[in-house]
1. Using each residue's phi in region 195-202, evaluate 6.51 cos²θ - 1.76 cosθ + 1.60 at θ = phi - 60° and report the 3J(HN,Hα) Karplus result to the nearest Hz, with x for Gly and Pro.
2. Given the pairs LYS68/LYS111; LYS54/LYS111; LYS54/LYS90, which span a C-alpha to C-alpha distance of over 20 angstrom in this model?
3. Counting other C-beta atoms within 10 Å, which of MET55, MET85, MET1, MET24 has the fewest, and how do the rest follow?
4. In whole Hz, with x marking every Gly and Pro, tabulate ³J(HN,Hα) for region 210-215 from phi via Karplus 6.51 cos²θ - 1.76 cosθ + 1.60, θ = phi - 60°.
5. What ³J(HN,Hα) values, in whole Hz, does the Karplus curve 6.51 cos²θ - 1.76 cosθ + 1.60 give for region 18-27 when θ = phi - 60°, with x put for Gly and Pro?
6. What is the diffusion coefficient of region 130-233 in µm²/s, taking the Kirkwood radius over Cα pairs and the Stokes-Einstein relation at 20 °C with a viscosity of 1.002 mPa s?
7. Order of 212-224, 145-157, 129-141 by packing, highest average Cβ count within 10 Å first?
8. If each DSSP helix of 4+ residues adds -39,500 (n - 2.57) and the sum is divided by the residues in the chain, what number results at 222 nm, nearest 500 deg cm²/dmol?
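Laboratory data are not the source of any read-out in this text; all were calculated from the coordinates shown. Nothing here was measured: the structure is a model prediction, and the numbers come from that model. Cβ atoms come from the backbone with ideal geometry, glycine included; neighbour counts cover every protein chain shown.
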Amino acid sequence: METILVIDDERATLAMFRLLLEAMGYAVLTAEDGREGVAVFERERPAIVLTDVKMPGMDGIAVLQRIKELAPATEVIVITGHGDMDLAIKALHLDATDFINKPIQRTILEKALERAHARRRLGREQAETITLERCGEAAVVHIHGAVNARSEARLQALFREAQGLGLPRIVLHFGDGATVNGAGIAVLTQLLQAGRREGCGVVAAGVSANLAKVFDIVGLAGQLPLFATLEEALP
């Protein structure tokens, strides 16, 4: 049975969510404010969280940001009132899965949960195509799929993990068939900047001729040393 955490400062809303979600077959955890919700999340680590966007103290936006810091792959659905579209859009920019309006309708909730499950399936696929390993004095991020907006969270999370190893070099190893679109270029640029701030050298290996041309056109080739093979890229 899958577990969902619901965070809302209204007990009646929590009771309603419990009834709906348990009827759908979920185990339900609840919290009556943002800080309690984050504490429950840290202890239980559910894959899906529903949080009210407006709460006293720690609001839903802060909850979303904290959960994404702790576990970027967590699917967070924000609960909004009518007239809260600015907050809903802000939440989506912060990688919320979706938003649902009060009063809650079961069909709308089911659709939001379907999207959450679809994103989780995609995340599992990306977990197989973007991986991290240590090779001597280098942290190697293997990329076998697409670098795009959908893979951004996975790639950034592994890059942060690579930085945490404290090694002098991070190698972005592009496998056969790896692709990079415009959003992926932006992600790679951010990673290069993050590496420089931490004093860690970032290089690329296995870049195809076409991808090397793209890197040259967008100005990445001058910032990202390219090696033909992984072996050549290792310090």
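1. Using θ = phi - 60°, the values come out as x, 5, 4, 8, x, 10, x, 10 Hz.
2. Numbers: LYS68/LYS111 22 Å; LYS54/LYS111 22 Å; LYS54/LYS90 13 Å.
The pairs that break the limit, which is 20 Å between Cα atoms, are LYS68/LYS111; LYS54/LYS111.
3. Numbers: MET55 23, MET85 11, MET1 6, MET24 14.
Ranking MET55, MET85, MET1, MET24 by Cβ neighbours within 10 Å, fewest first, gives MET1, MET85, MET24, MET55.
4. 5, 5, 4, 5, 4, 4
5. Each residue's phi maps through the Karplus curve to give 4, 4, 5, 6, 5, 5, 7, x, 9, 8 Hz.
6. Numbers: Rh = 13.3 Å.
Diffusion coefficient, whole number: 161 µm²/s.
7. On the way: 212-224: 14.7, 145-157: 18.4, 129-141: 16.7.
The packing order, highest mean first, is 145-157, 129-141, 212-224.
8. Values: 9 runs with 111 residues, N = 235.
My calculation for the chain gives -15000 deg cm²/dmol from helical runs alone.
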